[in-house]
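Before any comments, here is the structure.
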Amino acid sequence: MAGLKTISITANMGDSSAIYADIRDHKMVIDQPTAAGGKNEGPTPLEYFLFSLAGCIASIARIAAMQKKIDLRGMELKVDATLNPAGLMGKETEDRVGFQTISVDASIDADMSESEKKAFLDAVCDRCPLHDNIKLETRVDHQLV
């Protein structure tokens with residue numbers, strides 16, 4: 001496992017539902033909608049999660065396009081996910097707490113045939129760390145410090 005890189009963030013929550021982080025000089029905020037008791041200062045964690053997946057796929061697509069000398073003029077990604085909110089609300093459920101399904105619809109603006117675009121998207125998703133983390137099990141540890 002030589003060559004591993006560690007990526008770290010630190011997030012802080014005060015007396016409201018908003019969670020803040022300074023990540024590489026970027027001020028980030030996660031919050032809940034007002035209907036859920038938040039102040040709607042930012043996306044929810046679930047929305048950021050889906051945005052992160054779309055962002056990772058698009059970022060890897062840009063890298064792959066440069067490597068393959070593809071003129072990637074643009075890309076649109078629509079990410080939909082379904083979940084049963086009962087578990088996160090502390091209610092009994094037979095369903096897992098996380099997303100049941102995640103689907104990514106991609107539109108690629110490049111001079112490629114549909115089959116080439118499909119192969120490109122497949123290759124990009126195979127290289128995307130977040131896609132990998134969702135598709136395969138990743139051990140997550142937690143502890144008090």
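Miscellaneous remarks
- For GLU47, the conditions (1) free of Cβ contacts under 8 Å to residues at least 60 places away in the same chain; (2) of a type outside the set (Gly, Ala, Ser); (3) buried (at least 16 other Cβ atoms within 10 Å of the Cβ); (4) in a helix (DSSP H, G or I) are fulfilled apart from (3).
- Filtered by the rule that a residue be charged (D, E, K, R) and surrounded by 10 or more Cβ atoms within 10 Å (Cβ to Cβ), segment 4-25 gives a lone residue, ASP22.
- Breaking point among (1) surrounded by 13 or more Cβ atoms within 10 Å (Cβ to Cβ); (2) closer than 17 Å to SER52 by Cα; (3) of a type outside the set (S, T, N, Q), for LEU136: (1)
- Residue within segment 22-29 that is within 27 Å of GLN100 (Cα to Cα) and in a loop (DSSP other than H, G, I, E, B) present: no
- Here ASP95 meets the list (1) at pLDDT 95 or above; (2) within 23 Å of LEU50 (Cα to Cα); (3) acidic (Asp, Glu) almost entirely, failing just condition (1).
Condition check ((1) crowded, with 16+ Cβ neighbours inside 10 Å; (2) part of a loop (DSSP other than H, G, I, E, B)) across all residues:
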site: ALA35; (1), (2): no, no
site: ILE57; (1), (2): yes, no
site: ILE60; (1), (2): yes, no
site: MET89; (1), (2): no, yes
site: GLU94; (1), (2): no, yes
site: ILE108; (1), (2): yes, no
site: GLU116; (1), (2): no, no
site: ALA119; (1), (2): no, no
site: ASP132; (1), (2): no, no
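- Long-range neighbours under 7 Å by Cβ, at least six apart or interchain, first residue over 16 Å from SER59 (Cβ atoms) within segment 119-140, second aromatic (Phe, Trp, Tyr) and in a helix (DSSP H, G or I): none
- Options ILE70, ILE7, ILE57: the member that is touching a helix residue (DSSP H, G or I) at 6+ places or on another chain (Cβ under 8 Å) and free of Cβ contacts under 8 Å to residues at least 60 places away in the same chain: ILE70
- Enumeration of residues in segment 78-89 that are within 24 Å of ALA110 (Cα to Cα) and either touching an Asp or Glu at 6+ places or on another chain (Cβ under 7 Å) or of a type in the set (Val, Ile, Thr) (or both): LYS78, VAL79
The values are calculated or read from the model by the stated rules, or taken from the named source; none is laboratory data. Predicted, not measured: the structure shown is a model, and the values here were computed from it. Heads up, the Cβs are rebuilt from the backbone with ideal geometry, glycines too, and the neighbour counts pull from every protein chain shown.
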